[in-house]
Amino acid sequence: MPAELPPSPSNRVKIAVAVVLLVTLAYSLVIAGQILLWFVLVGIAAGVYIAWLLVLALFRLVDAIERIAAAREAEVSGADRTHETDAQKTNAESSNPERTAEDDVVGAEAGRDAFGDDA
């Protein structure tokens with residue numbers, strides 16, 4: 001998708017739109033004799049253009065949400081990899097044969113359980 005939405009019209013398109021508007025205005029005044037008809041036609045054309053702009057805005061919204069989701073997914077997968085390496089280090093430390101459960105108890109105060117309450 002282009003970065004600039006909607007693209008700016010060229011000078012040829014602007015001139016063509018001006019000519020079409022003048023021709024339809026002349027038709028509605030001279031031939032049909034109803035100026036209201038011209039406003040209805042211009043209103044319909046403007047409504048179609050605004051609907052097209054809404055569709056383009058929705059496409060941009062979806063594109064932005066997809067980019068945000070991809071960035072968050074990359075962050076989460078990067079954090080998972082860091083968490084996995086930390087878990088592997090912890091597992092390597094816990095598999096140390098020199099460390100035993102008694103080593104954990106040695107530092108605890110006598111008469112207290114693991115939560116610090118009186119036993």
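Identify, among A51, A26, F39, the residue whose Cα sits farthest towards the positive end of the charge dipole of the range 1-79, taking +1 on the Cβ of Lys and Arg and -1 on the Cβ of Asp and Glu, with the dipole about the Cα centre.
It is A26.
Among Y27, Y49, which comes first, second and so on when ranked by fewest other beta-carbon atoms within 10 Å?
Numbers: Y27 14, Y49 11.
In order of increasing Cβ crowding within 10 Å: Y49, Y27.
Suppose the chain between I68 and I50 were pulled fully straight at 0.36 nm per residue; how much longer would it get relative to their current alpha carbon spacing? Numbers along the way, then the final one.
Values: separation 18, 0.36 × 18 = 6.48 nm, distance 2.68 nm.
Difference between extended and current length: 3.8 nm.
So how far apart, in nm, are the two label points at S8 and Q34 if each is 7 Å from Cα heading toward Cβ?
The modelled label-to-label distance comes out at 3.9 nm.
No lab work stands behind these numbers, since they all come straight from the coordinates. The model shown is predicted, which means the values in this text are computed figures rather than measured ones. Virtual Cβ from ideal backbone geometry, glycine too; neighbours counted across all protein chains shown.
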